[in-house]
Amino acid sequence: MSLLFADTSKTEAEEPLAPRAAKQAPWKVLVVDDEPEVHAVTRLALHDFEFSDRPLSLLSCYSAQEARALLDEHADIAVILLDVVMETDHAGLDLVHHIREELGNSTVRIILRTGQAGQAPQRDVISNYDINDYKEKTELTSVRLFTSMHSSLRSYRDITELKEGQRGLEQIIDATAHVFEYRSMISFAEGALEQLIFLLLARKNHERTSINSLVASVSKNSFTVLSASGNYRKLKALQSRDNLPADIRDRIQAQPNQSHIIHPDGWLQLCLRENDESYHLIYIDGLKELSKTDINLVDLFLRNAGVTFDNLALQSQVEETQREIVYRLGEAVESRSKETGNHVKRVAKISRLLAEKSGMSQEQADILFYASPLHDIGKIAIPDAILNKPGKLDAEEWATMQTHAMLGHDMLESSDRPILKAGAIIARDHHEKWNGQGYPAGKVGEDIDILGRITAVADVFDALGSDRCYKKAWPLEKVLALFREERGEHFDPTLVDLLFKNLDEVCAIREQHADTFLGEKED
């Protein structure tokens with residue numbers, strides 16, 4: 001059985017059609033037929049065919065078995081022109097089943113061509129097999145082949161774009177989810193850059209070394225490169241916009257108010273604004289040409305990253321306000337007992353220092369820093385006559401004073417906020433002693449929460465070296481002597497060792513926030 005359009009005596013077997021100069025790769029079309037002349041005339045009929053400014057690359061197989069092997073190597077075949085009867089009467093139909101069911105390829109368009117329609121009745125084939133067109137070889141003229149190829153490639157293009165969009169959205173969701181993990185604004189900016197590069201690499205098969213990127217912190221009077229990669233690695237820690245490569249400098253200055261830009265020349269930038277005068281800048285270049293789908297998906301990621309950063313900035317402001325309120329509350333309690341607010345600042349910083357040196361995580365150390373000013377919050381319920389008595393308290397007064405530990409705990413324990421929950425623990429435990437002789441519960445050793453043990457060291461060290469209504473500040477030597485004596489008695493011995501090991505830093509904190517620095521040496 002021969003086709004109706006002209007034959008050719010010259011057969012160009014598996015060689016692809018010579019493509020014209022084109023920016024994009026050709027469409028792959030597979031011809032599966034056991035008649036060599038079918039391959040020849042198909043190649044002749046489609047020799048100058050183009051769709052969407054892309055030519056064809058024709059691949060040839062002469063049996064279904066040969067086609068199976070080739071399909072394993074080429075997952076991006078767009079159209080298959082498939083004969084039914086080859087090595088067996090139903091070899092082509094078996095190949096359709098293999099493609100759709102075993103390979104799971106629902107994207108490629110399959111045009112069934114047969115010269116023996118009786119072997120594969122059209123109604124049965126269309127009902128039982130996932131094909132896209134059915135043609136008898138006698139009716140597949142050059143014009144009809146042209147038409148079928150256009151419609152098949154159009155369908156293939158639309159399906160692949162939909163699938164690419166779906167895959168891209170999955171990548172966006174995954175990348176954005178990772179960005180949500182970052183808590184600080186600097187780590188968020190660097191994380192967004194990392195996820196954006198991952199997204200571009202996954203979609204465009206870039207090599208990481210071909211992508212140049214940087215994250216910069218920008219304000220009205222400063223410009224600092226926080227991190228950089230690729231050819232921009234040498235720019236890390238750069239402190240001036242003027243020292244940037246001229247092309248980057250011009251791009252940043254040209255569009256400083258846009259939230260993000262995706263430029264056809266292969267660069268993009270994202271501005272994550274903290275306020276009206278400062279922002280974090282993400283800049284990437286070295287990108288190859290992005291498709292419309294790529295641009296839309298990257299645009300979606302950048303928009304999501306911008307909204308997320310705005311929410312993070314707002315959350316940061318709220319949390320900072322909460323922390324300041326806690327701090328002010330601690331200062332208010334200290335001022336009521338005629339102490340300066342600098343005591344709570346010193347206790348907070350010394351506590352964080354000891355927490356970090358003890359191996360506590362940065363997040364937990366920061367919580368301790370913000371919660372420790374609440375250590376004496378319960379004193380707000382202690383009468384002034386007891387709280388500010390210049391002399392020694394009698395037994396009844398001392399019993400009343402001791403209640404401030406549980407009073408402070410009870411005030412804070414019902415909160416779900418990490419800082420206030422930590423504050424409740426600190427208020428309760430910072431007067432416990434390592435040897436079990438403290439109050440309110442007489443806890444021993446590590447039964448005392450680490451937050452309370454650390455705050456106890458910081459509080460007593462600072463209190464002894466400061467003037468109080470009932471005493472003068474102790475000299476440093478006397479304070480240190482007491483800590484040596486109370487190591488393993490009042491205080492956690494490990495924390496006392498850390499205090500001595502880091503004494504210079506502790507004293508620097510006291511000096512930075514001094515009201516009355518360590519008292520004059522006694523005669």
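Within region 159-175, can one find any residue that is modelled with pLDDT of 85 or more, part of a helix (DSSP H, G or I) and surrounded by fewer than 17 Cβ atoms within 10 Å (Cβ to Cβ)?
Within region 159-175 (the criterion being modelled with pLDDT of 85 or more, part of a helix (DSSP H, G or I) and surrounded by fewer than 17 Cβ atoms within 10 Å (Cβ to Cβ)), the answer is yes, since at least one residue qualifies.
Between a first residue in region 405-423 that is more than 15 Å from ASP449 (Cβ to Cβ) and a second residue that is surrounded by fewer than 18 Cβ atoms within 10 Å (Cβ to Cβ) and at pLDDT 90 or above, which pairs have beta carbons less than 8 Å apart while being 6 or more apart in sequence or on different chains?
SER415/LYS421
Table: residues versus (1) more than 28 Å from GLU161 (Cα to Cα); (2) modelled with pLDDT of 85 or more; (3) surrounded by 14 or more Cβ atoms within 10 Å (Cβ to Cβ).
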| site | (1), (2), (3) |
| --- | --- |
| LYS204 | no, no, yes |
| SER227 | yes, no, yes |
| GLN258 | yes, no, no |
| LEU287 | no, no, yes |
| LEU290 | no, no, yes |
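If you go through region 36-94, how many residues are under 26 Å from TYR129 (Cα atoms), in a loop (DSSP other than H, G, I, E, B) and not acidic (Asp, Glu)?
9
Condition first: without any contact (Cβ under 8 Å) to a residue 40 or more places away in the chain, crowded, with 23+ Cβ neighbours inside 10 Å and not basic (Lys, Arg). Can you find one or more residues in region 455-476 that meet it? Can you show your working first?
Taking region 455-476 first, the residues without any contact (Cβ under 8 Å) to a residue 40 or more places away in the chain are 456, 460, 464, 471.
From what is left, the residues that are crowded, with 23+ Cβ neighbours inside 10 Å are 456.
Those left that are additionally not basic (Lys, Arg): 456.
The answer is yes, given that some residue of region 455-476 is without any contact (Cβ under 8 Å) to a residue 40 or more places away in the chain, crowded, with 23+ Cβ neighbours inside 10 Å and not basic (Lys, Arg).
Looking at region 268-283, can you tell me whether even one residue there is part of a helix (DSSP H, G or I) and closer than 23 Å to PHE198 by Cβ?
Of region 268-283, the ones part of a helix (DSSP H, G or I) are none.
Checked region 268-283: no residue is part of a helix (DSSP H, G or I) and closer than 23 Å to PHE198 by Cβ.
Pairs under 8 Å by beta carbon, first residue part of a loop (DSSP other than H, G, I, E, B) in region 348-376, partner polar (S, T, N, Q) and surrounded by fewer than 24 Cβ atoms within 10 Å (Cβ to Cβ), six or more apart or different chains?
That search, which allows pairs on different chains as well, returns SER358/THR494; ASP376/SER337.
Report, by residue number, each residue of region 499-513 that is assigned to a helix (DSSP H, G or I), of a type outside the set (A, V, I, L, M, F, W, C) and under 18 Å from SER358 (Cα atoms).
Residues of region 499-513 that are assigned to a helix (DSSP H, G or I), as a first pass: 499-501, 503-512.
Narrowing the set further to residues that are of a type outside the set (A, V, I, L, M, F, W, C) leaves 501, 504-505, 510-512.
LYS501, ASP504, GLU505 - these are the residues of region 499-513 that are assigned to a helix (DSSP H, G or I), of a type outside the set (A, V, I, L, M, F, W, C) and under 18 Å from SER358 (Cα atoms).
Taking only pairs six or more apart or across chains, which ones have beta-carbon atoms under 8 Å, a first residue in region 428-451 that is surrounded by 15 or more Cβ atoms within 10 Å (Cβ to Cβ), and a second residue that is part of a loop (DSSP other than H, G, I, E, B) and polar (S, T, N, Q)?
Listed pairs, sorted by first residue: PRO440/THR403; ILE450/SER358.
I need the full set of residues from region 40-83 which are touching a Pro at 6+ places or on another chain (Cβ under 7 Å) and polar (S, T, N, Q), in order please.
SER57 - this is the single residue of region 40-83 that is touching a Pro at 6+ places or on another chain (Cβ under 7 Å) and polar (S, T, N, Q).
Considering ASP299, ASP242, which residue is within 30 Å of GLN24 (Cα to Cα) and either outside any strand (DSSP E or B) or not assigned by TED's automatic domain parsing to the domain that holds ILE197 (or both)?
Details: ASP242 fails: within 30 Å of GLN24 (Cα to Cα).
Only one candidate qualifies: ASP299.
Does PHE491 meet the test of being closer than 20 Å to GLU511 by Cβ and of a type in the set (Phe, Trp, Tyr)?
Details: closer than 20 Å to GLU511 by Cβ: no; of a type in the set (Phe, Trp, Tyr): yes.
The answer is no for PHE491.
In region 23-37, how many are more than 41 Å from the chain's Cα centre (by Cα) and farther than 19 Å from ARG154 by Cβ? Talk me through it step by step, then tell me what you get.
Filtering region 23-37 for residues more than 41 Å from the chain's Cα centre (by Cα) gives 30-37.
Narrowing further to those that are farther than 19 Å from ARG154 by Cβ: 31-37.
Total meeting the criteria: 7.
Got a sec? Which of ILE325, ILE367, ILE382 is out of contact with any His (no Cβ under 7 Å at 6 or more places or on another chain), aliphatic (A, V, I, L, M) and modelled with pLDDT of 85 or more?
Numbers: ILE325 fails: modelled with pLDDT of 85 or more; ILE382 fails: out of contact with any His (no Cβ under 7 Å at 6 or more places or on another chain).
The match here is ILE367.
State which residue is surrounded by the most Cβ atoms within 10 Å (Cβ to Cβ) when the search covers only region 377-389 and only residues that are in contact (Cβ under 8 Å) with a residue 40 or more places away in the chain and among the β-branched types (Val, Ile, Thr).
ILE377
The values are calculated or read from the model by the stated rules, or taken from the named source; none is laboratory data. From a predicted model like this one, the values you see are computed outputs, not experimental measurements. Cβ atoms come from the backbone with ideal geometry, glycine included; neighbour counts cover every protein chain shown.
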